[in-house]
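Asks: I have a structure I would like to understand better, so I am pasting it below and will then ask my questions one at a time.
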Amino acid sequence: MDLQEVSNHLGELTAHQLRILQIVYDSGGTWLTRARVAKALGKRRLTPYDINCLRMLAERRLIEEGTQETNAPGSDFAYVYHMPDEIALLVQQWSERRAQELQESYIPQSYRPPLKLAIE
């Protein structure tokens with residue numbers, strides 16, 4: 001994957017999907033369970049929409065999805081997610097480029113430089 005492909009994917013994401021991606025990015029490459037993603041979202045558990053968002057991000061190869069063994073009752077495994085380092089670097093580059101473009105294009109409407117009109 002290259003920067004242009006990451007840019008295309010990120011440009012299509014909703015604010016909620018970007019929030020989930022941010023959570024996985026912020027994990028520093030460690031694997032997060034769905035419970036940890038839910039907690040980071042301020043929820044007790046993920047909704048079906050949240051789970052679909054995670055799957056979609058994995059399908060687009062922005063994050064990786066896996067499983068790990070668990071002792072939780074009623075399940076032998078838990079889904080886990082993380083962002084590979086190479087994708088994290090591309091996301092960093094995209095974010096820095098976007099911030100620079102936004103800064104360059106921002107011209108305040110009411111900006112007036114300070115003047116010294118009165119002579120003291």
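Asks: Return only the number of the condition from (1) assigned to a helix (DSSP H, G or I); (2) out of contact with any strand residue (DSSP E or B) (no Cβ under 9 Å at 6 or more places or on another chain); (3) modelled with pLDDT of 90 or more; (4) not hydroxyl-bearing (S, T, Y) that I87 does not satisfy.
Replies: That leaves (2) as the condition not met.
Asks: Taking segment 1-31, which residues are in a helix (DSSP H, G or I) and touching a residue at least 40 places away in the same chain (Cβ under 8 Å)?
Replies: Step one: of segment 1-31, the residues in a helix (DSSP H, G or I) are 3-11, 15-26.
Correct list: L3, V6, S7, H9, L10, Q17, L21, V24, Y25.
Asks: Sticking with this one: If I ask for residues that are hydrophobic (A, V, I, L, M, F, W, C) and surrounded by fewer than 18 Cβ atoms within 10 Å (Cβ to Cβ), which ones from segment 39-61 would you list? Explain how you work it out, then say what you get.
Replies: Within segment 39-61, the first condition is being hydrophobic (A, V, I, L, M, F, W, C), and the residues that meet it are 40-41, 46, 51, 53-54, 56-58.
The answer is A40, L41, I51, M56, A58.
Asks: Looking at segment 60-84 only, could you name the residues that are in contact with a strand residue (DSSP E or B) (Cβ under 9 Å, 6 or more places away or on another chain) and not in a strand (DSSP E or B)?
Replies: Let us first name the residues in segment 60-84 that are in contact with a strand residue (DSSP E or B) (Cβ under 9 Å, 6 or more places away or on another chain), namely 63-70, 72, 76-84.
Scanning segment 60-84 gives I63, T70, A72, D76, M83, P84.
Asks: What number goes with the only condition from (1) closer than 21 Å to L13 by Cβ; (2) over 13 Å from the mean Cα position of the chain (by Cα) that S95 does not pass?
Replies: (2)
Asks: Right, next: Could you say which residue among E86, E104 is on the phi < 0 side of the Ramachandran plot, in contact (Cβ under 8 Å) with a residue 60 or more places away in the chain and exposed (fewer than 12 other Cβ atoms within 10 Å of the Cβ)? Break it down stepwise before answering.
Replies: Values: E104 fails: in contact (Cβ under 8 Å) with a residue 60 or more places away in the chain.
The match here is E86.
Asks: Return the residue satisfying two criteria in turn: it lies in segment 32-44 and is in a helix (DSSP H, G or I) and among the small types (G, A, S), and of such residues it is farthest from Q68 (Cα to Cα). Lay out the reasoning, then the answer.
Replies: Narrowing segment 32-44 to residues in a helix (DSSP H, G or I): 34-40.
Remaining after also requiring among the small types (G, A, S): 35, 38, 40.
On the way: A35: 13, A38: 17, A40: 20 Å.
Among those residues, the one meeting the criterion is A40.
The values are calculated or read from the model by the stated rules, or taken from the named source; none is laboratory data. Since the structure is predicted, the reported quantities are computational estimates derived from the model, not experimental observations. Positions of Cβ are generated from backbone atoms using ideal geometry, with glycine treated the same way; all protein chains shown enter the neighbour counts.
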